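The values are calculated or read from the model by the stated rules, or taken from the named source; none is laboratory data. Quantities reported herein were computed from a predicted structural model and do not represent experimental measurements. Cβ atoms come from the backbone with ideal geometry, glycine included; neighbour counts cover every protein chain shown. Just so you know, the surface numbers come from the protein's heavy atoms only, side chains and all, with ligands and any DNA or RNA stripped out. Shrake-Rupley method; radii C 1.70, N 1.55, O 1.52, S 1.80 Å.
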Amino acid sequence: MFDARLVRIIVSSLGETLYMVGVSCALAVVLGLPIGVVLVTTEKKNILDNPGVNQAFGAAVNIGRSIPFVILMVAIMPFTRILTGTSIGTTAAIVPLTIAAVPFVARMVETSLREVDPGVVEAAQAIGASPWEIITKVLIPEAKPSLILGVTITAINLVGYSTMAGAIGGGGLGDLAVRYGYQRFRGDVMFATVVILVLLVQGVQTLGGTLAKKVEKRRS
Amino acid sequence: MAGLVRLESISKTFGTDSSKVIALEEVSLHVAPGEIFGIIGLSGAGKSTLVRCINMLEVPDGGKVYVDGLEITALGSRELREARKKIGMIFQHFNLLSSRTVLENVVFPLEIAKLEKGDRVKKGRKLLELVGLEDKEDAYPSQLSGGQKQRVGVARALANDPKVLLCDEPTSSLDPQTTRSILRLLDTINKAFGLTIILITHEMDAIRQICDKVAVIADGKVAESGRVIDMFTSPRHETTKAMIRGSSHIDAPDWAVEILEASSKAPDRQVVRLSFVGESTGRPVISSIVRDFGVDINILTAQIDHIKSVPFGVMLVELSGNGDAVRKSIDFLRGLEVSVDVIDNVSDLLIKVNGG
């Protein structure tokens, strides 16, 4: 039903979506993980007890999370232009996607690390481990299955956000759905886009779930 | 004796100004090198807080802690981390890393101490052999029983050749049989390496099995302390007495109540609880009083145990005899350093025998 050109466009849109989601997810983890760690470890009575830093990070994360993505995308356009040289296109979309995902990842990481048994942290302290060693050798490894699931949820959210970015010129499947499916009344293209998105989300969830289970299973 | 571990006037208060809880009040203790020192108390007495002050997991509000001459309470964070490497610790809930295998758990302290990988593995295997888990090195903690987990905990605590081993209720979540095997392990390690051990527990049995000295903590203070054997023979503080009674497993049988009621009405009959320690346990005191005072003895229940290797016995008996034979035999027993508690009514029975 689709001609070769349309198939090529669909494939390249999928590629753009994967690119946007992949890069922004990776960046969000790189930036969000340390923030999540700070949120947990600077808490009162924790290994880096520092109420001031804790409150500052907590407030920043809350502000980040309270701005709706559509507004964020438009609001930070000047910043995006400084970073990428443009405010339109797939690469430009990575900037707001990352910024939206960082506080989300930070809270996910925070929740995961909080699940780590405080007794285990205490045992590491009793052994003479430094805060850095406790973070890298205890907190993160112990929380790994939960962290993997957190990244999975983040990636799935980013698939959703990326289609919004697409709608304002970011490319990808969202862009395809708007330009072909909506503006050119190609119901079949719209349908194909939705099917691909469903499969994509399904795939990411399965991958993350399997990975987390694999890590977990090794321990039990 | 200088004391390998010395606590001087340790105080610790929890909570805010409005709702203060005094956990420790001016607690001082000296633990000699090579000793197994028990700290016992009811839950909430502050004993756990006390042991956690030794490696500063809990920072005391006042007082000083010395370990092997080093003032732990005066150290900066970097020095404290170094000092902690020489203070081993095991926990009630084992606190093993679920993401690491048994061997990886045991060598974790060596990793922190920056030992070469080859040396770590070699030492780790030796430690696992010591605790009897050499065939479990690749298992994960979740695949082990509670006793095995605690053995891993012990191996991990010994990795850096500590000067002292702190044990925070190490057997409180184990069954009695496993408890004994862990206590035996601690005793073996103490004897083999002369390692000083501080054992926190609420079970008098644990103290009786392996400790040389004991401190009884009640309401954040040291109620009494001294040699375990002295504590059992002549407990002074109420908490101690209650705990000893609770541990000397003689549960009066139900029919003892009937005998007690009958005997309390008869002037020539008396129910008593006898406790023997050490030498007197080996002497035929019962047959002596039967022969010398002409009393009859009805043994209601009895138990002989050991404090480390010293025998310790408890007996609930009914004495009956003419005239003042009963009174005389009680005096005679007291003269032989047998402690005699006169039981006159059911509440005595419950408190003095069953331990409340």
Scanning region B:125-143 for residues that are open to solvent by less than 40 Å² (accessible area, probe 1.4 Å) and outside any loop (DSSP other than H, G, I, E, B), the one farthest from the other protein chains (Cβ to nearest Cβ) turns out to be B:LEU128
Restricting region B:98-119 to residues that are assigned to a helix (DSSP H, G or I), open to solvent by 40 Å² or more (accessible area, probe 1.4 Å) and over 25 Å from B:LEU183 (Cα atoms), the residue that is farthest from the other protein chains (Cβ to nearest Cβ): B:GLY118
Scan region B:192-201 and tell me whether some residue there is crowded, with 22+ Cβ neighbours inside 10 Å, in contact with a Ser or Thr (Cβ under 8 Å, 6 or more places away or on another chain) and hydroxyl-bearing (Ser, Thr, Tyr). yes
Picking from B:LEU70, B:LEU42, the residue that is surrounded by fewer than 23 Cβ atoms within 10 Å (Cβ to Cβ) and farther than 28 Å from B:PRO235 by Cα would be B:LEU70
Enumerated helices (runs of 4 or more DSSP H) restricted to region A:81-158, each holding at least 3 residues that are in contact (Cβ under 8 Å) with a residue 40 or more places away in the chain, of a type in the set (S, T, N, Q) and open to solvent by less than 30 Å² (accessible area, probe 1.4 Å): A:90-114
Scan region B:155-163 and tell me whether some residue there is among the basic types (Lys, Arg), open to solvent by 50 Å² or more (accessible area, probe 1.4 Å) and out of contact with any Lys or Arg (no Cβ under 6 Å at 6 or more places or on another chain). no
Any idea which of (1) over 16 Å from the mean Cα position of the chain (by Cα); (2) at pLDDT below 95; (3) part of a helix (DSSP H, G or I) is the one A:LYS45 doesn't satisfy? (3)
Got at least one residue in region B:203-222 being within 26 Å of A:GLY128 (Cα to Cα) and of a type in the set (S, T, N, Q)? no
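Residue by residue, here is whether (1) closer than 16 Å to B:PRO109 by Cβ; (2) within 9 Å of chain B (Cβ to nearest Cβ); (3) of a type in the set (D, E, K, R) holds:
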{"position": "A:GLY128", "(1), (2), (3)": "yes, yes, no"}
{"position": "A:THR136", "(1), (2), (3)": "yes, no, no"}
{"position": "A:LEU149", "(1), (2), (3)": "no, no, no"}
{"position": "A:THR154", "(1), (2), (3)": "no, no, no"}
{"position": "A:VAL159", "(1), (2), (3)": "no, no, no"}
Of those in region A:176-220 that are aliphatic (A, V, I, L, M), under 30 Å from B:GLU104 (Cβ atoms) and open to solvent by 40 Å² or more (accessible area, probe 1.4 Å), the residue nearest to the chain's Cα centre (by Cα) is A:LEU207
Identify, by number, the condition in (1) open to solvent by 20 Å² or more (accessible area, probe 1.4 Å); (2) at the interface with chain A (Cβ under 8 Å from one of its Cβ atoms) that B:LEU75 doesn't meet. (2)
Name the one entry in B:LYS122, B:LYS149 that is modelled with pLDDT of 95 or more, within 13 Å of chain A (Cβ to nearest Cβ), open to solvent by 10 Å² or more (accessible area, probe 1.4 Å) and part of a helix (DSSP H, G or I). B:LYS149
Just to be sure I understand, how many residues within region B:276-328 are closer than 30 Å to B:LYS213 by Cα and either more than 24 Å from the chain's Cα centre (by Cα) or polar (S, T, N, Q) (or both)? 10
Among the residues of region B:55-64, are any more than 20 Å from the chain's Cα centre (by Cα), crowded, with 22+ Cβ neighbours inside 10 Å and not polar (S, T, N, Q)? yes
Regarding B:ALA192, is this residue over 17 Å from the mean Cα position of the chain (by Cα), closer than 26 Å to B:LEU29 by Cα and in a helix (DSSP H, G or I)? yes
Can you find a residue that is under 16 Å from the mean Cα position of the chain (by Cα) and of a type in the set (Lys, Arg) anywhere in region A:114-135? no
Give region B:227-240 a look and list any residue that's within 19 Å of B:LEU42 (Cβ to Cβ) and either without any contact (Cβ under 8 Å) to a residue 12 or more places away in the chain or open to solvent by 20 Å² or more (accessible area, probe 1.4 Å) (or both), or say none. B:PRO235, B:ARG236, B:HIS237, B:GLU238, B:THR239
Test for A:ARG65: is it among the charged types (D, E, K, R) and surrounded by fewer than 17 Cβ atoms within 10 Å (Cβ to Cβ): yes
Only one residue in B:ILE304, B:ILE229 is in contact with a strand residue (DSSP E or B) (Cβ under 9 Å, 6 or more places away or on another chain) and part of a strand (DSSP E or B), so which one is that? B:ILE304
